[in-house]
Amino acid sequence: MSRVAVVRCPSYDIAAVRAAVERGIGLLGGVERFARSGETILLKPNLLIGRAPDRAVTTHPSVFRAVAELFLTAGASLTYGDSPAFGRAEGVAGRAGIAEAARELGVPLADFVTPVAASYPEGVLIKQFTIAQGVLDADGIVSLCKMKTHGLTRITGAIKNQYGCIPGLLKAEFHARLPNARLFTQMLVDLNGLLRPRLYVMDGVVAMEGNGPQGGQLRNMNVLLLSDDPVALDAAFCRLVDLDPHLVLPIVAGEEAGLGTAAGIEYVGDPIEGFVARDFVVNRRALPTTGTALRPGRLSLFFRRFVIPKPAIRPVRCTRCGTCVTICPVTPKAVDFEDAARSAPPVHRYDRCIRCYCCQEICPEGAIEIAVPLLGRLIRRAR
Ligand code: SF4
Ligand code: SF4
């Protein structure tokens, strides 16, 4: 059995968050279970991109502050960091309000630029990673994840949060090397097996539904979820939003790899039923999945073209900033402008597109959505 603490937290008022974090960690055995005096603990918030805290794209600074304060009182020495999908960590942390909280508490930004090789012989798929120096410098990690939807993995929660421990452009390389959701997910699970954060705190006070993890809508869930098991924590997120956890590939692969359990969960704290939002907008389609395990070939191309969901630009929202073009990991680009003057929004080349949805994830205007082709919709209805 894995324990998940469910704690009501009605706002980001720091007193309320402090009380909720203290209670939640207490329900898991107290902060001393997760850090000894003198140890260096890395706090890993979700710093996807530089957005103000009220946009719910990043972990809220009140959650960061409350967790940091608790670990400092336990005598831990703290650092923090993330490798954003776009922009430098300093700037993103500044806009997200995390840098200010860290400065006031004397918590320095860890080195998330220098790449260091880290071997993981137990990895199912990946046995050699490149990790940010600041991650490996720490004795332990506390993962401060955000409750949001995600194009590739349906939800971005505890397991996905460690992807930011891979520095900079190397993350894009993984998307290109592992061009379907199952392979990408297996890599994520191996990465979690290597890093093994000691504690996960999921910020679900204000979550993001719909076109997440950046362009979706805010949803008040008024809850913090805490666990030392990332599979159980993501499964708890699924239960909150009435999503079958078997549809979430990181949960399935995580269970198979022994990272945790989605089945044997002991809930403690507030009754989880009180937070369930059955109308939470998340991808509940059984098929087609976002990405398949198909090997390259005609059948794969057919599925990709006619069944697998694809990124689609809503021209009225597009500011022609070019961020999607920059982030696209394939060569030649699968999304690009048709002329240098950017006289029209970029255009997708679906024959090149590996459906990593990085463009949808990063578009600052939420102008890219995931569209299911007609055949995919028909298959779904027939099931
Ligand atoms: S990132 Fe979004 S807004 Fe920018 S060019 Fe691409 S679709 Fe348009
Ligand atoms: S166009 Fe978008 S989904 Fe397709 S490969 Fe590029 S970033 Fe990934």
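The values are calculated or read from the model by the stated rules, or taken from the named source; none is laboratory data. Bear in mind the structure is a predicted one, so any value in this text is a computation, not a measurement. Neighbour counts run over all protein chains shown; Cβ positions are idealised from the backbone, glycine included. Side chains included, ligands, DNA and RNA excluded: accessible areas come from the protein's heavy atoms. Shrake-Rupley method; radii C 1.70, N 1.55, O 1.52, S 1.80 Å.
For (1) open to solvent by less than 10 Å² (accessible area, probe 1.4 Å); (2) closer than 19 Å to residue 44 by Cβ, each residue gets a yes or a no:
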position	(1), (2)
230	yes, yes
233	yes, yes
241	yes, no
249	no, no
256	no, no
Which number in (1) within 15 Å of residue 167 (Cα to Cα); (2) surrounded by 15 or more Cβ atoms within 10 Å (Cβ to Cβ); (3) charged (D, E, K, R) marks the one condition that residue 95 misses? (1)
How many of the residues making up segment 106-132 are surrounded by 16 or more Cβ atoms within 10 Å (Cβ to Cβ) and under 22 Å from residue 59 (Cα atoms)? 7
Given (1) surrounded by fewer than 20 Cβ atoms within 10 Å (Cβ to Cβ); (2) under 25 Å from residue 211 (Cβ atoms), where does residue 177 come up short, assuming only one miss? (2)
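Every residue, every condition in (1) among the small types (Gly, Ala, Ser); (2) within 16 Å of ligand 1 (Cβ to nearest atom); (3) at pLDDT 95 or above; (4) assigned to a loop (DSSP other than H, G, I, E, B), yes or no:
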| residue | (1), (2), (3), (4) |
| --- | --- |
| 266 | no, no, yes, no |
| 278 | no, no, yes, yes |
| 304 | no, no, no, no |
| 329 | no, yes, no, yes |
| 351 | no, no, no, yes |
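Residue-by-condition table, conditions (1) out of contact with any Phe, Trp or Tyr (no Cβ under 8 Å at 6 or more places or on another chain); (2) among the small types (Gly, Ala, Ser); (3) surrounded by fewer than 18 Cβ atoms within 10 Å (Cβ to Cβ):
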{"residue": "16", "(1), (2), (3)": "yes, yes, yes"}
{"residue": "30", "(1), (2), (3)": "yes, yes, yes"}
{"residue": "39", "(1), (2), (3)": "yes, no, yes"}
{"residue": "57", "(1), (2), (3)": "yes, no, no"}
{"residue": "76", "(1), (2), (3)": "yes, yes, no"}
{"residue": "87", "(1), (2), (3)": "yes, yes, yes"}
{"residue": "104", "(1), (2), (3)": "yes, no, yes"}
Every residue in segment 338-373 that is small (Gly, Ala, Ser) and within 12 Å of ligand 2 (Cβ to nearest atom), please. 371
